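I have placed the structure first, in the form of structure tokens, so that the comments after it can refer back to it.
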Amino acid sequence: MIKITGYFHAQDLYKIAKKAAKSRGQRSDNAIIAIMFSVSALEAFINESAGLARLVPTAQRQPVIDGYAAVMRELEERKESLLVKYHMGLLVFSGSTWNEGDQAFQDFKLLNAIRNAVVHMKPDRWESFVEEDKPDPQRPLDDYPKFIRALRQRNVIDCPTNSESWLEVLRDKRVGEWSCQVAARISAAFEQSVPNGYFKSSLQNHIFERR
């Protein structure tokens, strides 16, 4: 007899994000930690969901769940992006990909873009014309990356002042809290797309709590 033991850590990663988001202080590096671990938790959630699908007992198997496991294995081998995995997962379960105009998915894309910008950091520069004997001009919002403008549009952050870098702008407690909320909404929305059965019941134990 073969015994299979699996360890699943998506919730552990999410708890790290939540702990960082709840830390005291309006401005700190904890907001960056929350961003990074919220996305890491979402990646672990979709990858581990495929692992859960492969652990469904034979008597409880459903063709759609077997198909999901096969699709996710192929995506993992091709090293597809996180967004593609969620799109394909929803396609298997509901017959359509995520609605690109849906606010939850728009927030997911934004969160992922912010995380990627931090991981693949590039110089943050802007140009301005400085007049003699005049103070340096403030950096306008339009000279910040698109994701900073998007956060401002969502009222997650205030309009940047003091011509600070975009990374400094992200060091806002509200950004950390928003990141965790996005991760919780996406995990819940994904679980809701799954048909009733053994796999769905198992997956319900792995979605992220919004509290």
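Summary of values
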{"item": "Scope segment 1-27; condition in a helix (DSSP H, G or I) and either within 30 Å of Val56 (Cα to Cα) or touching a residue at least 12 places away in the same chain (Cβ under 8 Å) (or both); matching residues", "result": "Ala10, Gln11, Asp12, Leu13, Tyr14, Lys15, Ile16, Ala17, Lys18, Ala20, Ala21"}
{"item": "Search result, residues across segment 1-27 that are under 14 Å from Val175 (Cβ atoms), out of contact with any Asp or Glu (no Cβ under 9 Å at 6 or more places or on another chain) and modelled with pLDDT under 95", "result": "Ser23, Gly25"}
{"item": "Single residue of segment 88-104 satisfying the filter (surrounded by 17 or more Cβ atoms within 10 Å (Cβ to Cβ) and without any contact (Cβ under 8 Å) to a residue 40 or more places away in the chain) that is farthest from Leu170 (Cα to Cα)", "result": "Val92"}
{"item": "Residue within segment 116-131 that is within 22 Å of Ala188 (Cα to Cα) and out of contact with any strand residue (DSSP E or B) (no Cβ under 8 Å at 6 or more places or on another chain) present", "result": "no"}
{"item": "Answer residue from segment 155-198, given it is within 21 Å of Val39 (Cβ to Cβ) and hydroxyl-bearing (Ser, Thr, Tyr) and is farthest from the chain's Cα centre (by Cα) among those", "result": "Ser165"}
{"item": "Test: residue in segment 145-157 that is within 30 Å of Met72 (Cα to Cα), surrounded by 15 or more Cβ atoms within 10 Å (Cβ to Cβ) and in contact with a helix residue (DSSP H, G or I) (Cβ under 7 Å, 6 or more places away or on another chain)", "result": "yes"}
{"item": "Residue in segment 28-49 that is outside any helix (DSSP H, G or I) and in contact (Cβ under 8 Å) with a residue 24 or more places away in the chain present", "result": "yes"}
{"item": "Some residue of segment 185-197 being in a loop (DSSP other than H, G, I, E, B), in contact (Cβ under 8 Å) with a residue 24 or more places away in the chain and closer than 17 Å to Lys15 by Cα", "result": "no"}
{"item": "For Val39: the one exception among (1) out of contact with any Ser or Thr (no Cβ under 6 Å at 6 or more places or on another chain); (2) surrounded by fewer than 15 Cβ atoms within 10 Å (Cβ to Cβ)", "result": "(2)"}
{"item": "Top-ranked residue in segment 136-161 [being in a loop (DSSP other than H, G, I, E, B) and of a type in the set (D, E, K, R); ranked as nearest to Ile114 (Cα to Cα)]", "result": "Arg154"}
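Every residue, every condition in (1) among the basic types (Lys, Arg); (2) under 24 Å from Ala41 (Cα atoms); (3) loosely packed, with under 14 Cβ neighbours inside 10 Å; (4) modelled with pLDDT of 90 or more, yes or no:
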site	(1), (2), (3), (4)
Ala117	no, yes, no, yes
Lys134	yes, no, yes, no
Pro140	no, no, yes, no
Asn162	no, no, yes, no
Lys173	yes, yes, no, yes
Cys180	no, yes, no, yes
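The values are calculated or read from the model by the stated rules, or taken from the named source; none is laboratory data. These numbers were taken from a predicted model, which means no experiment stands behind them. Every residue, glycine among them, receives a Cβ derived from its backbone with ideal geometry; neighbour counts consider all protein chains shown.
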